[in-house]
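Asker: Supplied in structure tokens, the structure appears directly below.
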Amino acid sequence: MAQISNKGKDCGRAFKPESFTIEDPDSGLRVVRLTSHRCHSNHLYFTNPGWWNKGRDLLFVSERRNQPNLFSVNLDSHEITQMTDLGMEPNLPQARRDPQSGPSMQAGCLNPAKDLFFFNIDNAIWAVHLRTYEMNRVWKCPSGWRLSGIINATSDGRHICTSALRKLRD
């Protein structure tokens, strides 16, 4: 695994709660919006749960500072923590929206046995430790291939699974 020693200066940065509550006019139910920053913020792919820390925190991807990064929101305090600092430090990978480099961080997954989140950036699978923010490149796709699928972990957390497509010749 390739260890990234520089986590980025904004890893672990805390943001004040942005949440607000409304009442649904049809059902009368209370709806809590957890983010209100003026950028795209998205939950993980719908088949990949984002709850971690015994269900007290929820992961999401946000494009604050025009760069997709992983964030976590505490469901009690609504405080937001930045988990990655991709694209802002020269030795960290870029989380760009390039169809040839594969899916975004939104297609990543949690390891159910460890505090790790796996994602695909620059045609490689990366892991970020959710408590220390340390990043490791877990696997690089071979030349002539590209990662193309959602990443999932096995229930025991021992393996991660995804798909890769072979690039066809012209």
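Asker: Condition first: modelled with pLDDT of 90 or more, of a type in the set (A, V, I, L, M, F, W, C) and not in a loop (DSSP other than H, G, I, E, B). Can you find one or more residues in the range 62-72 that meet it?
Answerer: The answer is yes, given that some residue of the range 62-72 is modelled with pLDDT of 90 or more, of a type in the set (A, V, I, L, M, F, W, C) and not in a loop (DSSP other than H, G, I, E, B).
Residue by residue, here is whether (1) basic (Lys, Arg); (2) under 23 Å from Cys11 (Cα atoms); (3) within 12 Å of the chain's Cα centre (by Cα) holds:
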{"site": "Ala107", "(1), (2), (3)": "no, yes, yes"}
{"site": "Phe119", "(1), (2), (3)": "no, yes, yes"}
{"site": "Asn123", "(1), (2), (3)": "no, yes, no"}
{"site": "Asn136", "(1), (2), (3)": "no, yes, no"}
{"site": "Ser148", "(1), (2), (3)": "no, no, no"}
{"site": "Arg158", "(1), (2), (3)": "yes, no, no"}
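Asker: While we're on this one: Please note which strands (runs of 3 or more DSSP E) are completely contained in the range 106-170 and include at least 2 residues that are within 27 Å of Thr81 (Cα to Cα) and acidic (Asp, Glu). Steps first, answer last, please.
Answerer: Numbers: elements: 116-121, 124-129, 135-140, 145-147, 164-166.
Of the strands (runs of 3 or more DSSP E) lying wholly inside the range 106-170, none has at least 2 residues that are within 27 Å of Thr81 (Cα to Cα) and acidic (Asp, Glu).
Asker: Going by the conditions given, is Leu92 in contact with a strand residue (DSSP E or B) (Cβ under 7 Å, 6 or more places away or on another chain) and modelled with pLDDT under 95? Give the derivation first.
Answerer: Values: in contact with a strand residue (DSSP E or B) (Cβ under 7 Å, 6 or more places away or on another chain): yes; modelled with pLDDT under 95: yes.
Yes; evaluated as a whole, the condition is true for this residue.
The values are calculated or read from the model by the stated rules, or taken from the named source; none is laboratory data. Remember, it's a predicted structure, so these values are computed and weren't measured experimentally. Counting neighbours? That spans all protein chains shown, and the Cβs are built from the backbone with ideal geometry, glycine included.
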